[in-house]
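Asks: Supplied in structure tokens, the structure appears directly below.
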Amino acid sequence: MAAESGTFTPFTLPVLPLDDEVVLPGMVVPLDLTDTEVRAAVEAAQAAARSSGGSKPEVLLVPRVDGHYAATGVLGTVEQVGRLSDGDPGALIKGQHRVRIGAGTTGPGAALWVEGTSVDESLPDPLPGQVLELAKEYKALVTDWLKKRGAWQVVDRVQQIDDIAQLADNAGYSPFLSVAQKIELLDTADPVARLRLATEQVRDHLAEQDVAESIAKDVQEGVDKQQREFLLRRQLDAVRKELRELNDEKEGEESDDYRARVEAAELPEKVREAALKEVDKLERASDQSPEGSWIRTWLDTVLELPWNERTEDAYDIQGARSVLDAEHSGLADVKERITEYLAVRKRRADRGLGVVGGRRGGAVLALVGPPGVGKTSIAESVAHAMGRKFVRVALGGVRDEAEIRGHRRTYVGALPGRIVRAVKEAGSMNPVVLLDEIDKVGSDFRGDPAAALLEVLDPAQNHTFRDHYLEVELDLSDVVFLATANVLEAIPEALLDRMELVRLDGYTEDEKIVIARDHLLPRQLERAGLEPDEVVVDEAALRKLAGEYTREAGVRNLERSVARLLRKVAAQHELGERELPYTVGPDELRGLLGRPHHVPESAQDPAERRTAVPGVATGLAVTGAGGDVLYVEASLADPETGAAGLTLTGQLGDVMKESAQIALSYLRSHGAETELPVADLKERGIHIHFPAGAVPKDGPSAGITMTTALASLLSGRLVRTDVAMTGEVSLTGRVLPIGGVKQKLLAAHRAGVTTVIIPKRNEPDLDDVPAEILDTLDVHAVTDVRQVLALALAPASVPIPAAA
Ligand SMILES: Nc1ncnc2c1ncn2[C@@H]1O[C@H](COP(=O)(O)OP(=O)(O)OP(=O)(O)O)[C@@H](O)[C@H]1O
């Protein structure tokens, strides 16, 4: 007889086998009574119920896989018998609780009867927190799943189930669980273990689904994109067709156009062949392919190059010289060198010879000098003098070989290199090309631009120059290359080898005044919209501008100051504050430009001078900006607090550091001869600093300056303010020659120094120094550092000026 749930005495019931489904306790399922086994079981149960007196008919719902019954079934009560939605007779059966299936027995009717025992499904009381957590997790996961399907009604129902055992059995409804998974749930009698199992099952399913969804999404997106692209292309084709019809064009017109242009252009034979090949390719390329646009850009570049354009050279050497003279004041040597260069070119051209070739042929003139000395503008004058076009190629900071030689065409955004672009810009095959700042090309992993330049400059190779982008040969042999550089040492060795150097060292004050009067002022007057006679800047004013408002080797800042001054006057005139014509004298400058920036050291208040304390000496140096004076400071540390040893600051290079060591060693070993208390050097730390600490400095030429600064420090004797010096010092105290004498002397003069000490062996360099500079300087050529000290150190009796 059937047992009440919760009692464990065996009972017998008719079996209702379930082939494709599993019913768990709590579930209500409709079953089809046309199935003989189902009908037999239900009828047997009804008969049994009738005979027992009124209780609901009971069956054992047992899953059956491949003819085998599961070990656990569910006691089901027949709730209702009637018709199913399809009209067949059916019964509604509700699962009640788990039953362990025992041995088969016999019973009334056609049904199979078995023994069963109720299964213990009791829960611990109270429920541990973990179980409650688990229930929460399960609910959340199921809710997640249900929401994704929009099954909102069911969400609430699940949320409301509080009974743990019932909650896990609710999984029986999950359509995603297989029969095997449901049987596993059925077999798991412990409600907590069952809930855990159900949770895992949902979780696995959700994870699988995520993967499946993202795959599906990817697939879908791919399909969408293809479809969209296809549709857009169709539309584009239609629009194109309409446009062609509107303009009465035929298909393929564009490439026909290129073909005609290539045929019409007078291209060298090889270039023509290459271009026609590209036109063929263009015809084959579809309108949309990126290749089409590459080919068009390439064809445009080729067609724009001046393959057959050439300017007629004005080989009138006298005329050329007068152009140079007219456009630049001074620079006699430079003009002479350029005239020679032009004369040789002319003679070779007259005799039908090529450009001067060979490694030492010096086909390229390099103009070397500080900024603003007119390198660029004299190069432009060379073009004028020759009657050629002029193009400037700025090389400063170029590190990529492709900048010179172009990118390969397969690059996105590929461009021809700068040389090809320069020729295109010039519009002739024989321009003057200025390679500006050739000392500033670097090299890195992107190749060596200098190597590419070498090929450009080499007369043996440059008639077949190949740009990576252009791919056809370009004849550069008729181009005149000039180069400029600030610092000779920075020009790559191999390039230097190809060049003939022309130095522009900087101008004297007198030269600057002439340049300003004859060139800068007229040009700036015009720029300011002033007539030449409206504003006159007199010579004394120009001298003051050059000397006190600017301090430079060239005239760039001078030109700027002149421009500023004229703008001020023009504005004042417009505001009605100034009558024209107006003459600017030195006293007007302050009102117009403010206070001068550079007052010579010698004009400073003695107490304010840099050399007003022992340990400071004035040196002369050459930097990228030309010659300059620089002060060397030395100090001794307190023996109590300072560490011993030599400290050097001011961004010094290795050579300069060694030079400091040598200066120190010399003094240590020659203390007696120099009458200096060198014992101090032993225990006390020494610090040598080169102010303008941010500017890197190197070279041995500050050797005697450092020695002098140290000697001044030890003796307490000041260094004379009007003395500046340059020279390398050896360990034995010999003064060795250095470079840049002219630039250094110009700088000394600019700074108002009157006495200059140079190495004896540099005496011949004085020939290059303009006489008017030498006249203002007392130059001492020395061989020994003791001579330097004798000249530079003030007598011991000179009092140290008190601070103001
Ligand atoms: N001797 C000169 N005669 C006339 N004008 C000059 C002379 N020297 C320089 N200038 C003028 O000074 C200005 C600066 O010269 P430029 O730009 O050619 O200098 P640069 O040496 O090429 O400098 P950078 O190295 O900075 O390029 C220009 O306007 C130039 O015409």
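The values are calculated or read from the model by the stated rules, or taken from the named source; none is laboratory data. What you see is a predicted model; the values in this text were computed from it and never measured. All Cβ positions, glycine included, derive from the backbone under ideal geometry; neighbour counts span all protein chains shown.
Asks: Test residue 23 against the criterion of being buried (at least 18 other Cβ atoms within 10 Å of the Cβ), on the phi < 0 side of the Ramachandran plot and free of Cβ contacts under 8 Å to residues at least 60 places away in the same chain, and give yes or no. Even if it seems obvious, please write down each step before you answer.
Replies: On the way: buried (at least 18 other Cβ atoms within 10 Å of the Cβ): yes; on the phi < 0 side of the Ramachandran plot: yes; free of Cβ contacts under 8 Å to residues at least 60 places away in the same chain: no.
Considered against the rule, which asks whether it is buried (at least 18 other Cβ atoms within 10 Å of the Cβ), on the phi < 0 side of the Ramachandran plot and free of Cβ contacts under 8 Å to residues at least 60 places away in the same chain, residue 23 comes out as no.
Condition check ((1) touching a His at 6+ places or on another chain (Cβ under 8 Å); (2) at pLDDT 90 or above; (3) more than 30 Å from residue 596 (Cβ to Cβ); (4) assigned to a strand (DSSP E or B)) across all residues:
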residue: 739; (1), (2), (3), (4): no, no, yes, no
residue: 743; (1), (2), (3), (4): no, no, no, no
residue: 747; (1), (2), (3), (4): no, no, no, no
residue: 752; (1), (2), (3), (4): no, no, no, no
residue: 764; (1), (2), (3), (4): no, yes, yes, no
residue: 773; (1), (2), (3), (4): yes, no, no, no
residue: 779; (1), (2), (3), (4): no, yes, no, yes
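Asks: A follow-up question, please. For the stretch 123-152, how many residues meet the condition of being in contact with a helix residue (DSSP H, G or I) (Cβ under 9 Å, 6 or more places away or on another chain) and of a type outside the set (A, V, I, L, M)?
Replies: Number satisfying all stated conditions: 12.
Asks: Quick check on my filter: what residues within the stretch 81-112 are more than 27 Å from residue 167 (Cβ to Cβ), touching a strand residue (DSSP E or B) at 6+ places or on another chain (Cβ under 6 Å) and aliphatic (A, V, I, L, M)?
Replies: Selection gives 81, 84, 103, 111, 112.
Asks: Anything in the stretch 551-586 that is among the hydrophobic types (A, V, I, L, M, F, W, C) and within 30 Å of residue 485 (Cβ to Cβ)? List them, or say none.
Replies: Here is the first cut: in the stretch 551-586, the ones among the hydrophobic types (A, V, I, L, M, F, W, C) are 553, 555, 558, 562-563, 565-566, 569-571, 575, 580, 584.
Result: 553, 555, 558, 562, 563.
Asks: Cβ-Cβ distance below 6 Å, separation of 6 or more or different chains: which pairs start in the stretch 319-331 with a residue that is more than 18 Å from residue 346 (Cβ to Cβ) and end on one that is aliphatic (A, V, I, L, M) and near the ligand (Cβ under 10 Å from one of its atoms)?
Replies: Note: pairs meeting the criteria are 328/378; 329/514; 329/515.
Asks: So in the stretch 478-493, with the set limited to residues that are away from the ligand (no atom under 14 Å from the Cβ) and within 18 Å of residue 440 (Cβ to Cβ), which one is modelled with the highest pLDDT?
Replies: So the residue we want is 481.
Asks: Filter the stretch 480-493 for residues that are closer than 12 Å to residue 368 by Cβ and either part of a helix (DSSP H, G or I) or of a type in the set (S, T, N, Q) (or both) and give the result.
Replies: Correct list: 484, 486, 488, 489, 490.
Asks: Also: Please go through the stretch 121-134 and pick out each residue that is part of a loop (DSSP other than H, G, I, E, B) and either among the basic types (Lys, Arg) or surrounded by 12 or more Cβ atoms within 10 Å (Cβ to Cβ) (or both). Walk me through how you get there before you give the answer.
Replies: Here is the first cut: in the stretch 121-134, the residues part of a loop (DSSP other than H, G, I, E, B) are 121-128.
Answer for the stretch 121-134, where residues must be part of a loop (DSSP other than H, G, I, E, B) and either among the basic types (Lys, Arg) or surrounded by 12 or more Cβ atoms within 10 Å (Cβ to Cβ) (or both): 121, 123, 127.
Asks: For the stretch 332-353, how many residues are within 15 Å of the ligand (Cβ to nearest atom) and without any contact (Cβ under 8 Å) to a residue 12 or more places away in the chain? Before you say what the answer is, go through the steps one by one.
Replies: So the first thing to find is which residues in the stretch 332-353 are within 15 Å of the ligand (Cβ to nearest atom), and the list is 332-338.
Applying the additional criterion that residues be without any contact (Cβ under 8 Å) to a residue 12 or more places away in the chain yields 332, 336.
Result for the stretch 332-353: 2.
Asks: Taking residue 704 as meeting all but one of (1) surrounded by 17 or more Cβ atoms within 10 Å (Cβ to Cβ); (2) among the aliphatic types (A, V, I, L, M); (3) over 48 Å from the mean Cα position of the chain (by Cα), write down the number of the exception.
Replies: Going through the list (1) surrounded by 17 or more Cβ atoms within 10 Å (Cβ to Cβ); (2) among the aliphatic types (A, V, I, L, M); (3) over 48 Å from the mean Cα position of the chain (by Cα), residue 704 breaks only (3).
Asks: Just name the residue that is surrounded by the most Cβ atoms within 10 Å (Cβ to Cβ) out of those in the stretch 366-387 that are within 8 Å of the ligand (Cβ to nearest atom) and among the β-branched types (Val, Ile, Thr).
Replies: Going through the qualifying residues, I end up with 373.
Asks: Being at pLDDT 90 or above and surrounded by 12 or more Cβ atoms within 10 Å (Cβ to Cβ): is that true of residue 10 here?
Replies: It is false that residue 10 is at pLDDT 90 or above and surrounded by 12 or more Cβ atoms within 10 Å (Cβ to Cβ).
Asks: Taking the stated definitions as given, is residue 175 without any contact (Cβ under 8 Å) to a residue 24 or more places away in the chain and not acidic (Asp, Glu)?
Replies: yes
Asks: Could I ask something else about it? Can you find a residue that is in a loop (DSSP other than H, G, I, E, B) and in contact (Cβ under 8 Å) with a residue 12 or more places away in the chain anywhere in the stretch 135-151?
Replies: Looking through the stretch 135-151, none of the residues is in a loop (DSSP other than H, G, I, E, B) and in contact (Cβ under 8 Å) with a residue 12 or more places away in the chain.
Asks: State yes or no: is residue 423 outside any helix (DSSP H, G or I) and not polar (S, T, N, Q)?
Replies: In short, no.
Asks: So, one more: Just the residues that are among the small types (Gly, Ala, Ser) and over 36 Å from the mean Cα position of the chain (by Cα), please, taken from the stretch 478-518.
Replies: 506, 516
Asks: Out of 402, 422, 426, 451, report the one residue that is in contact with a Gly (Cβ under 8 Å, 6 or more places away or on another chain) and away from the ligand (no atom under 16 Å from the Cβ).
Replies: Working: 422 fails: in contact with a Gly (Cβ under 8 Å, 6 or more places away or on another chain); 426 fails: in contact with a Gly (Cβ under 8 Å, 6 or more places away or on another chain); 451 fails: in contact with a Gly (Cβ under 8 Å, 6 or more places away or on another chain).
Only one candidate qualifies: 402.
Asks: Sticking with this one: Just need a number here: residues in the stretch 388-399 that are surrounded by fewer than 21 Cβ atoms within 10 Å (Cβ to Cβ), more than 24 Å from residue 330 (Cβ to Cβ) and within 16 Å of the ligand (Cβ to nearest atom).
Replies: 3
Asks: Do we find that residue 409 is in contact with a Gly (Cβ under 6 Å, 6 or more places away or on another chain), at pLDDT below 85 and surrounded by fewer than 20 Cβ atoms within 10 Å (Cβ to Cβ) in this structure?
Replies: Criteria not met by residue 409.
Asks: Of the residues 333, 350, 325, which is out of contact with any strand residue (DSSP E or B) (no Cβ under 6 Å at 6 or more places or on another chain), at pLDDT 90 or above and surrounded by fewer than 17 Cβ atoms within 10 Å (Cβ to Cβ)?
Replies: Answer to the check: 325.
Asks: I need the full set of residues from the stretch 572-587 which are surrounded by 13 or more Cβ atoms within 10 Å (Cβ to Cβ) and closer than 15 Å to residue 545 by Cα, in order please.
Replies: 584, 585, 586
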